[in-house]
Amino acid sequence: MTEKTHNNAVEEDSRLVALDTGIGGMSFGREETLNAEETRRKEEALEYFKSAYKAQFENDLDKAALLYQKSIECYPTAEAHTFLGWTYSFMGMTDEAIEECKRAIDVDPDFGNPYNDIGAYLVEKGDPIGAIPWLERATRASRYQCYFYPHFNLGRVYEARGLAFMALREYKAAIDLYPQYKLALRAFRRLQGKLN
């Protein structure tokens, strides 16, 4: 009987939590039901995340990395792992960046950013073929705002491999998703011009 009362108290204490990063409408972690303590920890993690993001764009990468790590310690989110990876990539630590993205996927396999980022890092490392499955997974992720990025990156990979029509298809997909994406527009027109 006591156990049932305790469970009801926990259920009553729980609520659906959805937090916004303040970065272009990107959420902070997935929407989930949390109790009061979990909510507090996630909100604290978000504050560290915001401070880390600010430090990153002020080019204080060491501070940013430390603050993303603190965010993860408070409450692990795919966003914090992914952005820590992004910071590591700016520091020239590509292998560590890839590992953080894999941790992000472990936390939330529906979040698209880390799949695209792993693909981009593998392209940087000279492994475009290895990048393809990661980029393809990014295009199918259910929680992602920027599907045009992996399509553009796939276009770059296919173009580099001499697969012009596959590249054009991916550039076109990126443009369809985000018509103002100038890199994709230029790449599509340039490649189309070569083929004419």
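The values are calculated or read from the model by the stated rules, or taken from the named source; none is laboratory data. This structure is a prediction, so every number in the text was calculated from the model and none was measured. So basically every Cβ, Gly included, is an ideal-geometry build from the backbone, and we count neighbours across all protein chains shown. Quick note on the areas: whole protein, heavy atoms, side chains included, nothing else; ligands and nucleic acids left out. Shrake-Rupley method; radii C 1.70, N 1.55, O 1.52, S 1.80 Å.
At a glance:
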| item | result |
| --- | --- |
| Failed item in (1) out of contact with any Asp or Glu (no Cβ under 9 Å at 6 or more places or on another chain); (2) crowded, with 20+ Cβ neighbours inside 10 Å, with G155 passing the rest | (1) |
| Failed condition for R103, given (1) free of Cβ contacts under 8 Å to residues at least 40 places away in the same chain; (2) under 20 Å from T82 (Cα atoms); (3) out of contact with any His (no Cβ under 6 Å at 6 or more places or on another chain); (4) open to solvent by 70 Å² or more (accessible area, probe 1.4 Å) | (3) |
| Among the candidates N59, N35, N113, residue that is touching a Ser or Thr at 6+ places or on another chain (Cβ under 8 Å), farther than 24 Å from P150 by Cα and not hydroxyl-bearing (S, T, Y) | N35 |
| Residue check, F111 open to solvent by 10 Å² or more (accessible area, probe 1.4 Å), of a type in the set (A, V, I, L, M, F, W, C), touching a residue at least 12 places away in the same chain (Cβ under 8 Å) and out of contact with any Pro (no Cβ under 6 Å at 6 or more places or on another chain) | no |
| Exclusive hit being out of contact with any Cys (no Cβ under 8 Å at 6 or more places or on another chain) and in contact (Cβ under 8 Å) with a residue 60 or more places away in the chain, set R156, R161, R143, R137 | R143 |
| Qualifying residue in region 84-91 (condition: open to solvent by 30 Å² or more (accessible area, probe 1.4 Å), part of a helix (DSSP H, G or I) and touching a Leu at 6+ places or on another chain (Cβ under 8 Å)) | yes |
| Number of the exception - E43 against (1) surrounded by 15 or more Cβ atoms within 10 Å (Cβ to Cβ); (2) within 18 Å of the chain's Cα centre (by Cα); (3) touching a residue at least 12 places away in the same chain (Cβ under 8 Å) | (2) |
| Residue under evaluation P128, criteria (1) touching a residue at least 40 places away in the same chain (Cβ under 8 Å); (2) more than 24 Å from G29 (Cβ to Cβ), criterion not met | (1) |
| Pair list, Cβ < 7 Å and 6+ apart or interchain, from region 55-81 residues that are of a type in the set (D, E, K, R) to residues that are open to solvent by less than 10 Å² (accessible area, probe 1.4 Å) and part of a helix (DSSP H, G or I) | K63/A55; E79/F49 |
